[in-house]
Amino acid sequence: MSYRYIKVEQDESGIVVVTIDDPDAKNAVNFEMNRELVQELARIESDAAARVLILTGSGKIFCSGGNIRSMASQGRSMEPPAPSVREELYPHKADIRAVVLGLRRLAKPSIAAVNGHAVGSGLGIAAGCDVRIVARGAKLGWVFTRRGIVPDDGSLYLMPQIIGYARAFEWGITGRTITPEEAERIGFATAVVEPAELMPRCRALAQEIIDNVAPITAQAFKLAFIESLERGLEASVAFAERAQRIARSSEDHTEALRAYAEKRPPRWKGK
């Protein structure tokens with residue numbers, strides 16, 4: 001499948017690399033790009049061969065968020081020019097919000113390979129991923145308040161979960177731009193690496209998941225993990241028990257036990 005604003009590569013092991021690719025616009029989000037990302041997330045969800053997503057940007061910028069020049073010329077933040085009926089009725093599932101929600105709801109693990117500056121909704125996209133590995137020298141700006149708006153991309157919900165209430169509030173209310181090292185210190189970045197090491201590090205993590213965790217188990221774990229953040233203890237335990245039943249009844253569960261007993265790498269069937 002070909003896209004205009006994103007590039008997709010999927011290897012034989014199941015690593016899917018999606019690259020935000022509009023360098024002339026500093027990889028700023030636009031409505032067509034958002035729709036392409038949502039479409040690709042749906043494809044990854046339905047493709048049994050797709051195991052782990054790595055999301056990155058082309059050139060030296062991950063994603064610069066909304067196009068500030070367009071906003072400044074219009075005197076307001078941007079919204080879809082002709083939203084569909086569905087987008088009108090479910091605005092929280094439209095445009096950039098659909099991208100961040102899609103990343104969060106994706107059953108496959110996702111890794112943000114933050115290769116450069118991530119600003120505004122670009123930071124929200126990174127927050128929607130499960131893990132964030134950041135290249136040294138990048139700048140991370142949760143700058144909405146400095147533009148006279150509030151984060152409506154889903155990051156307002158995700159940030160307190162990732163770094164805690166007080167740190168998220170301070171970052172958001174000041175609209176600061178921080179370094180990768182500071183992002184790692186507060187828990188937003190899992191690791192900070194040299195730019196040349198970024199994709200190898202992300203691929204190594206993706207491959208570790210693919211080699212050691214069965215496809216059904218990885219999906220059941222992620223969905224149960226996300227549900228545990230959004231439900232009370234009793235409901236979370238009930239959901240995890242259902243996820244356990246699915247994983248335990250799979251052929252790959254038996255294979256995991258056999259591989260452990262026989263001291264060999266597992267051979268996953270995905271069922």
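The values are calculated or read from the model by the stated rules, or taken from the named source; none is laboratory data. This is a predicted model, so every value here is computed, not measured. When we count neighbours, we look across all protein chains shown, and the Cβ atoms used for this are built from the backbone with ideal geometry, even at glycine. Side chains are part of the model used for accessible areas, which takes the heavy atoms of the whole protein and leaves out ligands, DNA and RNA. Shrake-Rupley method; radii C 1.70, N 1.55, O 1.52, S 1.80 Å.
Is the shape of region 141-214 best called rounded, prolate or oblate, per the rule: a/c under 1.5 gives rounded, else a/b larger than b/c gives prolate, else oblate, with a ≥ b ≥ c the square roots of the Cα gyration tensor eigenvalues? Prolate. On full extension, the segment bounded by Leu229 and Thr254 gains 6.1 nm, given 0.36 nm per residue less the C-alpha separation. Entry comment: accessible area of the chain is 52 Å² per residue, from protein heavy atoms only and a probe of 1.4 Å.
Using the rule -39500 (n - 2.57) for each DSSP H run of four or more residues, divided by the residues of the chain, the 222 nm mean residue ellipticity is -14500 deg cm²/dmol.
A simple charge model with +1 on the Cβ of Lys and Arg, -1 on the Cβ of Asp and Glu and nothing else charged puts the dipole of region 176-238 at about 120 debye relative to its Cα centre. Structure remark: mean-square fluctuation, Gaussian network model of the chain, C-alpha springs under 10 Å; the largest value among Gly116, Gly57, Gly175 belongs to Gly175.
Positive end of the dipole of the chain (Cβ unit charges, origin at the Cα centre): among Cys63, Ser250, Ile226, the Cα lying farthest that way belongs to Ile226. Over the chain, what portion of Cα pair distances is larger than 25 Å, expressed as a whole percent? Pairs farther apart than 25 Å: 47 percent.
Legend: residue pairs Lys7/Lys60; Lys7/Lys269; Lys108/Lys139, Cα-Cα distance threshold 25 Å; pairs beyond threshold, Lys7/Lys269; Lys108/Lys139. Under a GNM of the chain (C-alpha, springs under 10 Å), which listed residue has the highest mean-square fluctuation: Ser58, Ser13, Ser84? With Cα springs under 10 Å in the chain, the top fluctuation among Ser58, Ser13, Ser84 is at Ser84.
The figure for Lys7 is an accessible area of roughly 100 square angstrom, using a 1.4 Å probe on the protein chains alone. As a fraction of the 1.4 Å probe accessible area of the chain, surface on carbon and sulfur atoms comes out at 56 percent. Largest GNM mean-square fluctuation across Arg167, Arg97, Arg132, computed for the chain with C-alpha springs under 10 Å, falls on Arg167.
Indicate the gyration tensor shape class of region 205-256 (rounded, prolate or oblate), computed on the Cα atoms with a ≥ b ≥ c the square roots of the eigenvalues: a/c under 1.5 is rounded; otherwise a/b larger than b/c is prolate and the rest oblate. Oblate, since a/c reaches 1.5 and b/c is not below a/b.
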